[in-house]
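The values are calculated or read from the model by the stated rules, or taken from the named source; none is laboratory data. All figures in this text were calculated on a predicted structure; none of them were measured in a lab. Positions of Cβ are backbone-derived with ideal geometry, glycine not excepted, and every protein chain shown enters the neighbour counts. What goes into the accessible areas is simple: the full protein's heavy atoms, side chains included, and nothing from ligands, DNA or RNA. Shrake-Rupley method; radii C 1.70, N 1.55, O 1.52, S 1.80 Å.
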Amino acid sequence: MAACVKQYNKFPCFNSDQSETTTVAAAKTKTAATQSSQPPSPPPPPIDGDERVMAAAQRIVRSLGTSKNVTEDMILILSNFDNRLSTITDLLSTSSGGGGGGGGAAAKCKREEELESSEKIVLRFESQNQQSFPWEESPEEVSEYLCAVDDIIRLTEDMAVMDRAESVLQIAMSRLEDEFRHVLIRNTVPLDAGQLYGSIRRFSLSFASNDGNDRDSIDGFETSVEEDESVSCYHERGASLGGDLFVDLVHPEAVLDLKEIADRMIRSGYEKECCQVYSSVRRDVLDECLAILGIERVSIEEVQKIEWRCLDEKMKKWIQAVKVVIRVLLSGEKRLCDQIFAGAGSELIREVCFTETAKGCVLQLLNFAEAIVIGRRSSEKLFRILDMYEALAEAMPDLQMLFSSDAVDFVCNEARGILDGLGEAAKGTFVEFENAVRNETSRKPVQGGEIHPLTRYVMNYVKLLVDYSDSLNVLLEISGGENSDNVEADHGSGNLDVRVMSPIGQRLLSLISSLESNIEEKSKVYEDGGMQYVFLMNNILYIVQKVKDSELGKLLGDNWVRKRRGLVRQHATSYLRASWSKVLSCLKDEGVGSGGSSNNISKVTLKERFKNFNLGFEEIYRNQTTWKVPDPQLREELRISISEKVLPAYRAFLGRFGGHLESGRHAGKYIKYTPEDLENYLLDLFEGTPGVLNNTRKKISG
């Protein structure tokens, strides 16, 4: 009976008492016009509800009893009018006697036989369970069952057997619902993440950082002096998916079986139950896929407590999962919905099934991203946040195509809000990084005047930032010319036209200039003037090399690079003056004597000059063999510059005055080194390891 009420409610225009009264009155008027000789029946007593409808029907049938054709037409009208007239055929048989009811009784008998035959098939299936009778493995039995269901659906529209047909249909629909669920579950294709990721194009970039702990910006730089290649922190950018990546979510041969079942459930008015089963099963499958992809159900509060190394892994998995889920899994789900629920009038059903299936999966992904958005900002998170931003931005058009109507408004608005949040988080993290570089005030000198950890960190950081130029140009857009003028004025951009640079170009120029200023300040912690300039040369050359060997070179240009190389040469000249001027002053002729006569040469002064030269050279050797110049070309150029200054001066001084001491006692105490000795010792400078002087010397030939 419940099914009958459902069928009745499909026609709301016939549900009011007013409509019923109007229709019955019209039928009575027509009858009176055709049979005017028949005296009118007395008015019935006032009755309500079902009795009133049945009474009206009885009067109409009696008045039409003499006309078979008209009676059958009216019965058809009444059967469509109200399902409470299920006994109308009995009225017809009673009113017509034996004269015209034989055909109707025979038809009723035939329909009952059809229903009974179909019912037997349905009940036979009920006696078998799904395990002993797999649906997709018994095509003949399934075909027979579906034909029986088709007959039952047809018979539910026949007033003579409608109630019984509805009862049998309920049994059949319950079985089809179970079969729909089991076929879906049995034929689900497990997600092969390994094969899927194998088809993803990967590329990665090394990233020199601090020790990887979750610390604010650039703390602890002074403890990190490893070479770039040995730094443990490694940044791997998100993989990109090919446009033709496709996976089967359900075995293709089972899709037709699912469609056959869904068609019959929808035709029978059981579309709600069908959608519920489909969405429930496929939701669970998507949850399993997320777990395989490494996406767990965690609250925002739990995400906030995860330490950085673990969080970094989760962010990488999220980036991959967004691309796989939206581009592959949800596209496949949409395609599967379209195949199973294809047909006229099923568009709404397809939309509902897909939305209920996919919505929770998308929201779970967005929930993790929201936790990142509101989390604490630190410099090492920037690249992961940018990867998340780009992955979600790339997925937005696909999301809009997948969802429709109200669903697209809800899901896409949520996604757009998270995308904006990720953009703000990236921009805020970048600004904090700029401030951290500008305000980093560690005063601990780097041993040997080598490259400062701050320089390594910032330049590798900046080098990676260039790969995100498209996104950062949007997020860091500089409006107006005031900021450009400030960059040019504050940071000495030289011949660069800052106003025509991209937003990221301007910000990176400002960032590198802040680094240069910071390095200049840090050089002052060295008491030795020569080491100050070695420190500056090492760091500026490192900056230049990082710019020249990356896309930064295109942003800053050749003029910027040439200017910094000139600055390195200036520091080299300053180093020579600071480290070697005092030693070279010992090799000057002034004060030793003049005129070329041995009588005018002060041997005491000469001995003092050689002694001071030896002491000065030995001190430089002891100190500067421990200094470190990592770049081999710069190291060699410095040695050549020193040799060109020291060796000619020493050779000339020794040639002019060495003979005055050679003939005396203890000559070796003052002339300790030959020019060749000095040349060999100079090769030990800037290696970063203490050198040992050998005081033996060969006899100088006159």
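Remarks
- Qualifying positions in segment 550-566 - under 36 Å from the mean Cα position of the chain (by Cα) and not in a loop (DSSP other than H, G, I, E, B): L552, G553, K554, L555, L556, G557, D558, W560, V561
- Any hit, segment 312-332, residues being at pLDDT below 95, of a type outside the set (V, I, T), crowded, with 16+ Cβ neighbours inside 10 Å and within 24 Å of E179 (Cβ to Cβ): yes
- Taking the criterion of being farther than 16 Å from M501 by Cα and exposed (fewer than 15 other Cβ atoms within 10 Å of the Cβ), the residues of segment 546-566 that qualify are D549, R562, R565, G566.
- Subset tally (residues that are within 30 Å of G659 (Cα to Cα) and among the charged types (D, E, K, R)) for segment 603-639: 9
- Residue in segment 351-358 that is under 12 Å from the mean Cα position of the chain (by Cα), among the aromatic types (F, W, Y), crowded, with 22+ Cβ neighbours inside 10 Å and assigned to a helix (DSSP H, G or I) present: no
- Only one of the numbered conditions (1) touching an Asp or Glu at 6+ places or on another chain (Cβ under 8 Å); (2) modelled with pLDDT of 85 or more is not met by L496, and that is (2).
- Taken over segment 333-351, the criterion of being modelled with pLDDT of 90 or more and among the aliphatic types (A, V, I, L, M) is satisfied by L336, I340, I349.
- One residue stands out among those in segment 249-277 that are more than 31 Å from the chain's Cα centre (by Cα) and more than 19 Å from L169 (Cβ to Cβ): the one that is surrounded by the fewest Cβ atoms within 10 Å (Cβ to Cβ), which is E253.
- Residue count for segment 366-396, restricted to those that are open to solvent by 30 Å² or more (accessible area, probe 1.4 Å) and either part of a helix (DSSP H, G or I) or of a type in the set (D, E) (or both): 7.
- If you check V629, V646 for being within 59 Å of the chain's Cα centre (by Cα) and among the aliphatic types (A, V, I, L, M), only one passes: V629.
- Where a residue in segment 628-653 is small (G, A, S) and its partner, wherever it lies, is outside any helix (DSSP H, G or I) and buried (at least 18 other Cβ atoms within 10 Å of the Cβ), with Cβ under 6 Å and at least six apart: A649/L587
- Scan of segment 415-470 for residues that are in a helix (DSSP H, G or I), under 21 Å from L541 (Cβ atoms) and either without any contact (Cβ under 8 Å) to a residue 40 or more places away in the chain or open to solvent by 20 Å² or more (accessible area, probe 1.4 Å) (or both), ordered by number: Q447, K463
- Residue count for segment 638-663, restricted to those that are surrounded by 13 or more Cβ atoms within 10 Å (Cβ to Cβ) and modelled with pLDDT under 90: 7
- Residues (farther than 19 Å from G530 by Cα and either open to solvent by less than 30 Å² (accessible area, probe 1.4 Å) or in contact with a Ser or Thr (Cβ under 8 Å, 6 or more places away or on another chain) (or both)) located in segment 679-694: E679
- Checked against (1) modelled with pLDDT under 90; (2) acidic (D, E); (3) over 27 Å from H571 (Cα atoms), D470 meets all criteria but (1).
- When T626 is tested against (1) within 14 Å of G688 (Cα to Cα); (2) open to solvent by 10 Å² or more (accessible area, probe 1.4 Å); (3) part of a helix (DSSP H, G or I), exactly one condition is not met: (3).
Rundown of residues vs (1) open to solvent by less than 30 Å² (accessible area, probe 1.4 Å); (2) in a loop (DSSP other than H, G, I, E, B); (3) on the phi > 0 side of the Ramachandran plot; (4) at pLDDT 85 or above, yes/no style:
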residue: D485; (1), (2), (3), (4): no, no, no, no
residue: E488; (1), (2), (3), (4): no, no, no, no
residue: I512; (1), (2), (3), (4): yes, no, no, yes
residue: E521; (1), (2), (3), (4): no, no, no, yes
residue: E527; (1), (2), (3), (4): no, yes, no, yes
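- Number of residues in segment 523-549 that are of a type outside the set (F, W, Y), under 20 Å from T626 (Cβ atoms) and under 39 Å from the mean Cα position of the chain (by Cα) equals 3.
- Single unsatisfied condition, A342 versus (1) over 17 Å from M173 (Cβ atoms); (2) assigned to a helix (DSSP H, G or I); (3) touching a residue at least 12 places away in the same chain (Cβ under 8 Å): (2)
- Checked against (1) out of contact with any Asp or Glu (no Cβ under 8 Å at 6 or more places or on another chain); (2) farther than 28 Å from E618 by Cβ; (3) of a type outside the set (D, E); (4) free of Cβ contacts under 8 Å to residues at least 60 places away in the same chain, N559 meets all criteria but (4).
- Of everything in segment 278-302 that is assigned to a loop (DSSP other than H, G, I, E, B) and not hydrophobic (A, V, I, L, M, F, W, C), the residue that is least open to solvent (accessible area, probe 1.4 Å) is G294.
- Selection status of F403, modelled with pLDDT under 90 and surrounded by 19 or more Cβ atoms within 10 Å (Cβ to Cβ): yes
- Each residue in segment 114-143 was checked for being within 23 Å of R186 (Cα to Cα), surrounded by 14 or more Cβ atoms within 10 Å (Cβ to Cβ) and either modelled with pLDDT of 85 or more or β-branched (V, I, T) (or both), and 3 pass.
- Pick from segment 576-603, criterion at pLDDT below 85 and touching a helix residue (DSSP H, G or I) at 6+ places or on another chain (Cβ under 7 Å), ranking: least open to solvent (accessible area, probe 1.4 Å): V592
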